Every structure is written in structure tokens, then in C-alpha cells.
Amino acid sequence: MAKMHWILFLHILMGQGCLFTCRLYEYHFIAENKSWSEAQTYCREKYTDLAKVFDMTDMSRLRNSTQNQGEAWIGLNNNTGGNRTWHWSLPGVEYIQNDSSWNQNGRQETEPGPGNCGRKRDKLVDVSCDSTMWFICYDGMKKDNKTYLIEEYKNWTEAQSYCRYNYTDLASGLDQVDGEEIEALVKSKATPFSAWVGLFRDSWRWSDGSNSSFRYWDMQLFNDEQSNKTCAMTLLNRSGKWSSDECDKEKPFFCYDDKLILIKENKTWKEALDYCRESHRGLVSITNPYQQRWAEVRAKNASSPFVWLGLRYSCTLDLWFWVNDKLVCYEKWSREGKTEDCGRAVGMMRGGPYEWVSQRDNETYNFICSLE
């Protein structure tokens with residue numbers, strides 16, 4: 001009860017709950033007509049890079065940053081020579097190759113030919129995205145992250161739109177796709193069936209090298225086979241959906257400005273805290289999954305196995321607190337990574353799944369500072 005009283009007191013004292021969201025990045029609309037390469041150079045000189053987008057929250061912020069209703073370049077391009085890589089549809093889920101999850105013995109006689117979207121029966125198979133079949137949606141808002149089999153015939157893009165509108169997304173990641181819940185769904189049907197999952201591959205890449213798998217193509221206008229249209233634009237008069245055009249066309253564009261910086265020096269947590277406060281704003285605080293994804297982009301370039309975050313454990317209050325006094329609204333602990341003890345602070349893994357692990361604060365790691 002005393003601990004609960006402390007929490008209520010701190011809510012009132014700080015005048016904030018978990019709705020507070022600091023901006024780890026900002027979008028800037030540039031109303032100058034430039035080619036995609038010229039726009040990229042401009043953004044890298046004035047800001048961080050051409051705009052990247054992680055999810056629909058980012059898309060809303062991008063659209064709200066301007067009143068313009070035309071076309072504008074974003075930082076996605078297809079200048080990879082056709083080298084396609086697999087992605088999961090759900091933002092933040094990283095694709096990791098696992099041959100045991102794929103059908104290595106060839107397709108059924110009735111199976112559509114190889115393609116760029118993934119379906120699940122007993123194993124994963126790559127088939128044409130234009131094929132129609134049932135599909136499996138994922139609802140991240142339900143307890144235990146429920147999945148649902150939708151017994152309607154849709155192509156992959158239609159299935160993705162349905163799941164994003166009615167749930168969260170198509171089932172994504174091997175934990176969902178190979179999990180017990182989907183296996184039970186498959187076995188519950190008397191007749192074997194195929195169903196779309198959130199797996200697709202393409203050759204589009206972000207200007208800053210990030211691995212965001214989010215795509216928002218306007219399928220009425222976009223054709224991935226148009227080899228001369230290799231730069232992406234957002235169509236502000238069509239709900240911000242994307243299409244592509246020839247890169248030498250001149251259009252206005254969006255830049256983004258990153259408010260995080262990775263310091264590739266190994267310091268104790270206290271040394272990292274002092275460095276960030278003296279040279280920038282402070283050690284980064286993460287209060288929602290959107291901020292987590294932007295911090296992951298920095299963490300992946302670290303030279304230490306973990307990077308310090310601004311989360312510490314208070315022995316006095318028996319609580320975790322961010323150093324800027326924000327309450328812990330969002331967490332991404334590894335399964336056995338949460339150790340509540342004096343002298344503990346949080347390090348984020350430098351690679352997927354970028355989970356948090358409590359570390360003794362005298363360990364030395366790289367760290368992420370917030371610039372604002």
C-alpha cells in the first residue's frame with residue numbers, strides 16, 4: 001500500500017501520466033522542387049536524412065507537418081539492382097532467416113508459383129501476392145497477443161489492409177506464425193488450407209539504411225515492376241499513400257531530424273548520465289513502442305553488447321524511474337532480464353530483439369543521448 005501511495009503522489013507531483021510523449025524525431029516539409037538525389041543531399045546537410053516511416057503513427061505525423069496536398073519525395077528507393085529481402089508486415093518485427101520454418105521440399109501441384117508474399121500451411125511458402133486465400137490477423141491489444149483466422153478470400157495486400165483496419169496487422173514473426181495458437185488453428189480444420197501471414201519481400205530500401213519494413217503503397221497507382229520508377233513519394237491528396245516515380249523528376253520532399261545520438265564510448269551508467277547532461281539533454285527515455293523503434297536504429301551500431309538507457313532502479317522507493325522523472329509506461333524487458341536491486345540500470349541489447357536487461361551500473365557500455 002505504501003508503494004501505491006508513492007506512485008499516486010509522484011503522478012501528482014510530476015503532473016504527468018503515461019500520455020506524455022517526447023519527440024525523438026521531427027518531420028520537415030521542404031516546399032522546394034528537387035530531384036530525389038538533390039532532396040537527399042539537402043536533408044543530409046540541413047537535417048538527418050530524407051524521411052523514413054516506421055508505422056501509421058509516423059504517417060499521421062508526416063501528413064500533419066504540412067498543408068500541401070500534392071506529391072512529395074520520401075526516403076525510400078529501389079536502386080538495389082533487384083536484390084529482394086524478406087520483411088514482416090508488423091512494424092518492429094525483424095525478419096531472421098530460419099530454414100526449418102520454410103517448405104524445403106517443393107510446392108503442392110496446385111501451389112501458385114514463386115512470389116513475393118508468404119503463406120502458411122504446415123510450413124511457409126513464397127507465392128504470388130495476387131493469389132487469394134484465407135489469412136491470419138494479429139491483435140496486439142488483446143491479452144496474450146491473440147491471432148485470428150479470417151475465412152475470406154483476399155490477395156495479400158487486401159488481407160494486410162483488412163488486418164490493419166480491424167486488428168493490428170497480419171500475423172508476423174515466427175513466435176506468432178509458428179506458435180501453438182496458429183498450429184491449433186491449422187489442426188482444427190478438417191481440410192488442409194493455406195493462409196496469408198505478414199511476410200513479404202521487396203528491393204526497396206530507406207535512404208538512411210534503416211530496416212523499417214513498413215510500406216503504405218497505393219496499389220491502384222503503384223506498380224513494383226516499373227523499373228524506371230525507383231524513388232518513392234507520398235501522395236498527400238490520397239491519404240498519404242505511396243507510389244513511385246522517376247528519380248530525376250522534381251518535387252517537394254520531407255526530411256526528418258533525429259533527436260538521438262549514439263555515443264560509441266564505454267562508460268559506466270553514471271558517467272554516461274553526466275556526459276549526456278553536459279553535452280546534450282540527457283540519457284534517452286523511452287515511453288512507447290514508437291520511441292523504442294527509433295532508439296533501436298541507434299543501438300544496432302553500438303560497439304558494446306548493450307547500450308545504456310536512462311532507466312534506473314530506486315532502492316528507496318522500490319521502483320524503476322527514468323532519469324527525467326517520467327514514469328515507466330512502456331517496457332521491453334527480456335524474459336529474465338528484470339533484476340530489481342540496488343545499483344542497477346537498464347541496458348538495451350544492441351541487436352534484435354533489442355530487449356532491456358538490468359545491468360550493474362558500474363559496467364561500461366555505449367549509450368544513447370537525447371538531443372532535446
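The values are calculated or read from the model by the stated rules, or taken from the named source; none is laboratory data. In this text the structure is predicted, and so the values were computed from the model without any measurement. Heads up, the Cβs are rebuilt from the backbone with ideal geometry, glycines too, and the neighbour counts pull from every protein chain shown.
The set of residues in segment 298-325 being touching a Gly at 6+ places or on another chain (Cβ under 9 Å) and more than 17 Å from Trp269 (Cβ to Cβ) consists of Lys300 alone.
Inside segment 163-205, residues that are in a loop (DSSP other than H, G, I, E, B), under 19 Å from Ser100 (Cβ atoms), at pLDDT below 90 and of a type in the set (A, V, I, L, M, F, W, C) make up a count of 0. Residues of segment 243-252 include at least one that is touching a Ser or Thr at 6+ places or on another chain (Cβ under 8 Å), modelled with pLDDT of 95 or more and crowded, with 18+ Cβ neighbours inside 10 Å. Take the conditions within 30 Å of Ser37 (Cβ to Cβ), touching a Leu at 6+ places or on another chain (Cβ under 9 Å) and not in a strand (DSSP E or B) and apply them to Asp224. Does it pass? Judged against the criteria, Asp224 is not a match. In segment 54-68, the residues that are under 24 Å from Val93 (Cα atoms) form Cβ pairs under 6 Å with partners that are in a helix (DSSP H, G or I) and not hydrophobic (A, V, I, L, M, F, W, C), at six or more places apart or across chains, as follows: Phe54/Arg293; Thr57/Tyr290. Among the residues of segment 328-354 satisfying the criterion of being buried (at least 19 other Cβ atoms within 10 Å of the Cβ) and of a type in the set (Gly, Ala, Ser), which is farthest from Asn366 (Cα to Cα)? My answer is Ala345.
One residue stands out in segment 306-327 among those that are loosely packed, with under 15 Cβ neighbours inside 10 Å and over 19 Å from Arg277 (Cα atoms): the one that is modelled with the lowest pLDDT, namely Leu317.
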